[in-house]
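**Student:** My questions will all concern the structure given below.
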Ligand SMILES: Nc1ncnc2c1ncn2[C@@H]1O[C@H](COP(=O)(O)OP(=O)(O)O)[C@@H](O)[C@H]1O
Ligand SMILES: [Mg+2]
């Protein structure tokens with residue numbers, strides 16, 4: 001009987017959210033159609049030349065051509081590799097450092113001036129240096145990317161770990177939990193909601209970081225492709241690269257949202 | 001009376017926001033016999049929670065000592081169950097997983113027996129059907145029952161309760177009182193319970209301590225000579241009402 005009560009109690013919210021999701025799913029293609037039509041109309045009325053603003057159809061053609069000759073795939077792979085590498089590196093270092101700083105006020109006092117100072121230097125100014133030191137290959141871009149991702153991930157990790165309920169800490173101590181158990185059973189799950197906020201910011205910043213790195217010096221990647229397109233006034237190709245970047249950022253963001261959906265199941269059960 | 005739990009001359013200070021020291025407890029001593037139900041009442045801020053945390057080994061006194069079976073207690077122990085003022089559940093764990101937490105921490109959680117034991121406790125505290133619900137889906141009373149089950153699953157010899165039912169409505173509170181008495185009666189666990197309800201203290205306990213504030217110390221002690229099992233109707237009896245009045249006089253006369 002209790003189970004039934006529980007189901008009844010939950011069902012209205014579920015039905016409501018399902019309806020909302022259905023409306024959202026219908027709205028996304030609709031908005032896209034509106035956007036593309038407005039763009040097409042603008043080009044026709046104003047009669048812009050293709051190097052100023054190409055029509056959607058022209059961009060689509062360019063997209064197919066770049067897809068066919070394999071260049072788009074090559075550049076996209078390069079950028080995605082840098083983004084994923086940068087994320088992996090930046091997040092790992094930020095998680096470890098953030099945990100350490102959250103646990104040790106002394107460490108925080110000693111290191112925080114350097115961390116803040118590192119944020120005062122714009123990444124665009126730092127990128128050339130990294131390219132000089134680590135070359136034109138993907139390593140320098142991975143480092144630029146990692147640096148961009150580091151700060152938001154660090155701060156959210158610290159906030160997350162610091163916001164752990166002190167009474168739950170006392171509970172874990174009263175159960176004589178080990179350090180590892182306290183981390184795995186208490187700190188990690190309770191910091192997770194905050195950290196997902198940071199992760200969403202980080203994945204979009206990671207794409208920007210990779211492009212900044214490629215702008216400064218690279219022989220491949222979507223940032224390189226944009227630079228190339230600008231040089232030869234191939235604006236349709238520039239748009240293709242731009243949209244591909246947007247798609248990468250969206251895919252990463254969606255992946256994070258899905259992960260959050262799976263891991264934070266308990267937050268939805270209210 | 002053989003002392004099961006002893007507090008000897010406990011003194012505890014805190015730094016308050018203005019950086020002056022606040023004497024939370026001073027020269028507090030008490031004895032608890034094995035199997036006894038002791039209740040502690042006192043105005044808020046008089047150091048009841050601080051005392052319980054010292055008795056649990058969660059904090060150390062500045063001076064004085066806590067002894068369990070004659071041995072100094074310097075750190076938390078698994079044989080001590082603690083129920084906090086709020087239910088203090090992990091919102092990301094289901095009812096079953098919250099109750100099983102102590103078994104998982106003591107590494108007896110992987111076995112099928114431990115799972116079965118947690119299930120048993122879900123039923124014992126009347127939450128069958130809610131085993132897979134999350135704390136946010138439960139009422140305050142249900143949450144506090146989960147907290148109680150979590151404290152008891154290790155079969156502690158000493159149960160410390162810090163105003164466990166303070167946030168509950170009167171009816172739920174009465175039901176929880178009966179459940180607690182049942183558990184205490186069946187398991188013969190020693191209980192020290194802080195409450196701000198004088199009648200709750202007298203209804204449940206063998207002995208009631210009244211604490212005085214600033215610094216926190218024991219001001220008075222009342223034996224409760226009421227026969228068990230106790231019935232709810234008791235609280236309107238003249239004998240009970242007189243006891244309530246006597247305890248209240250000690251609290252308000254500060
Ligand atoms: N961690 C702490 N830091 C500073 N002061 C505290 C701390 N814990 C308790 N106190 C102070 O000690 C006194 C006793 O607190 P507490 O034991 O919580 O009282 P009670 O549970 O009886 O209401 C209060 O004045 C409170 O402000
Ligand atoms: Mg208290």
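The values are calculated or read from the model by the stated rules, or taken from the named source; none is laboratory data. Since the structure is predicted, the reported quantities are computational estimates derived from the model, not experimental observations. All Cβ positions, glycine included, derive from the backbone under ideal geometry; neighbour counts span all protein chains shown.
**Student:** Hey, among the residues in segment B:18-63 that are within 14 Å of another protein chain (Cβ to nearest Cβ), under 12 Å from the mean Cα position of the chain (by Cα) and not in a loop (DSSP other than H, G, I, E, B), which one's nearest to ligand 1 (Cβ to nearest atom)? Steps first, please.
**Tutor:** First, the residues of segment B:18-63 that are within 14 Å of another protein chain (Cβ to nearest Cβ): B:49-50, B:52-60.
Now drop any that are not under 12 Å from the mean Cα position of the chain (by Cα), which leaves B:49, B:52-53, B:55-56.
Then keep just the ones that are not in a loop (DSSP other than H, G, I, E, B); that gives B:49, B:52-53, B:55.
Numbers: B:49: 3, B:52: 8, B:53: 8, B:55: 12 Å.
Among those that are within 14 Å of another protein chain (Cβ to nearest Cβ), under 12 Å from the mean Cα position of the chain (by Cα) and not in a loop (DSSP other than H, G, I, E, B), it is B:49.
**Student:** Okay, moving on. For the structure I just gave you, tell me whether residue B:75 is free of Cβ contacts under 8 Å to residues at least 40 places away in the same chain, surrounded by fewer than 18 Cβ atoms within 10 Å (Cβ to Cβ) and within 19 Å of the chain's Cα centre (by Cα).
**Tutor:** Numbers: free of Cβ contacts under 8 Å to residues at least 40 places away in the same chain: yes; surrounded by fewer than 18 Cβ atoms within 10 Å (Cβ to Cβ): yes; within 19 Å of the chain's Cα centre (by Cα): yes.
Yes, satisfied.
**Student:** Would you check which residues across segment A:136-149 are assigned to a helix (DSSP H, G or I) and in contact (Cβ under 8 Å) with a residue 12 or more places away in the chain and list them?
**Tutor:** Applying the first criterion (assigned to a helix (DSSP H, G or I)) to segment A:136-149 yields A:138-149.
Selection gives A:138, A:140, A:141, A:142, A:143, A:144, A:145, A:146, A:147, A:148, A:149.
**Student:** So, one more: Starting from residues that are more than 15 Å from residue B:38 (Cα to Cα) and either within 15 Å of ligand 2 (Cβ to nearest atom) or not in a loop (DSSP other than H, G, I, E, B) (or both), keep the ones in segment B:187-218 and report whichever is farthest from the other protein chains (Cβ to nearest Cβ). Break it down into steps so the answer makes sense when it comes.
**Tutor:** Within segment B:187-218, the first condition is being more than 15 Å from residue B:38 (Cα to Cα), and the residues that meet it are B:187, B:212-217.
Those still in the list that are either within 15 Å of ligand 2 (Cβ to nearest atom) or not in a loop (DSSP other than H, G, I, E, B) (or both) too: B:187, B:212-214, B:216-217.
Numbers: B:187: 19, B:212: 26, B:213: 23, B:214: 24, B:216: 19, B:217: 24 Å.
Applying the filter and picking the extreme gives B:212.
**Student:** How about segment B:151-179: which of its residues are in contact with a strand residue (DSSP E or B) (Cβ under 8 Å, 6 or more places away or on another chain) and in a helix (DSSP H, G or I)? Give the steps one after another, and end with the answer.
**Tutor:** Let us first name the residues in segment B:151-179 that are in contact with a strand residue (DSSP E or B) (Cβ under 8 Å, 6 or more places away or on another chain), namely B:151-152, B:154, B:156-164.
Selection gives B:151, B:152.
**Student:** Does residue A:245 satisfy the criteria of being more than 14 Å from every other protein chain (Cβ to nearest Cβ), more than 30 Å from residue A:189 (Cα to Cα) and part of a helix (DSSP H, G or I)? Don't jump to the end; show me each part of the working.
**Tutor:** Working: more than 14 Å from every other protein chain (Cβ to nearest Cβ): yes; more than 30 Å from residue A:189 (Cα to Cα): yes; part of a helix (DSSP H, G or I): yes.
Considered against the rule, which asks whether it is more than 14 Å from every other protein chain (Cβ to nearest Cβ), more than 30 Å from residue A:189 (Cα to Cα) and part of a helix (DSSP H, G or I), residue A:245 comes out as yes.
**Student:** Would segment B:185-193 turn up any residue that is free of Cβ contacts under 8 Å to residues at least 24 places away in the same chain and either away from ligand 1 (no atom under 16 Å from the Cβ) or over 27 Å from residue B:155 (Cα atoms) (or both)?
**Tutor:** Our first condition is that a residue be free of Cβ contacts under 8 Å to residues at least 24 places away in the same chain; within segment B:185-193, this holds for B:186.
If we keep only those that are either away from ligand 1 (no atom under 16 Å from the Cβ) or over 27 Å from residue B:155 (Cα atoms) (or both) as well, we get B:186.
The answer is yes, given that some residue of segment B:185-193 is free of Cβ contacts under 8 Å to residues at least 24 places away in the same chain and either away from ligand 1 (no atom under 16 Å from the Cβ) or over 27 Å from residue B:155 (Cα atoms) (or both).
**Student:** Out of (1) surrounded by fewer than 17 Cβ atoms within 10 Å (Cβ to Cβ); (2) farther than 23 Å from residue A:220 by Cβ, what's the single condition that is false for residue A:91?
**Tutor:** The failed condition is (1).
Residue by residue, here is whether (1) closer than 21 Å to residue A:170 by Cα; (2) surrounded by 20 or more Cβ atoms within 10 Å (Cβ to Cβ); (3) within 12 Å of ligand 2 (Cβ to nearest atom) holds:
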site	(1), (2), (3)
B:36	no, no, no
B:39	no, yes, no
B:49	yes, no, yes
B:60	yes, no, no
B:70	no, no, no
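**Student:** Take segment B:118-146 and flag every residue that is buried (at least 18 other Cβ atoms within 10 Å of the Cβ) and assigned to a helix (DSSP H, G or I).
**Tutor:** Result: B:118, B:121, B:122, B:124, B:135, B:137, B:141, B:142, B:143, B:144, B:145, B:146.
**Student:** All but one of (1) more than 15 Å from ligand 1 (Cβ to nearest atom); (2) more than 9 Å from chain A (Cβ to nearest Cβ); (3) not in a strand (DSSP E or B) hold for residue B:78, so report the exception by its number.
**Tutor:** With (1) more than 15 Å from ligand 1 (Cβ to nearest atom); (2) more than 9 Å from chain A (Cβ to nearest Cβ); (3) not in a strand (DSSP E or B) applied to residue B:78, the lone miss is (2).
For (1) in contact with a strand residue (DSSP E or B) (Cβ under 9 Å, 6 or more places away or on another chain); (2) part of a helix (DSSP H, G or I); (3) surrounded by fewer than 17 Cβ atoms within 10 Å (Cβ to Cβ); (4) in the same structural domain as residue A:149 (by TED's automatic domain parsing), each residue gets a yes or a no:
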{"residue": "A:171", "(1), (2), (3), (4)": "yes, yes, no, yes"}
{"residue": "A:182", "(1), (2), (3), (4)": "no, yes, no, yes"}
{"residue": "A:199", "(1), (2), (3), (4)": "no, yes, no, yes"}
{"residue": "A:213", "(1), (2), (3), (4)": "no, yes, no, yes"}
{"residue": "A:255", "(1), (2), (3), (4)": "no, yes, yes, yes"}
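**Student:** Only one of B:31, B:15, B:23, B:5 is away from ligand 2 (no atom under 16 Å from the Cβ), buried (at least 18 other Cβ atoms within 10 Å of the Cβ) and over 24 Å from residue B:166 (Cα atoms). Can you tell me which?
**Tutor:** Details: B:31 fails: buried (at least 18 other Cβ atoms within 10 Å of the Cβ); B:15 fails: buried (at least 18 other Cβ atoms within 10 Å of the Cβ); B:23 fails: buried (at least 18 other Cβ atoms within 10 Å of the Cβ).
Just one listed residue meets the conditions, B:5.
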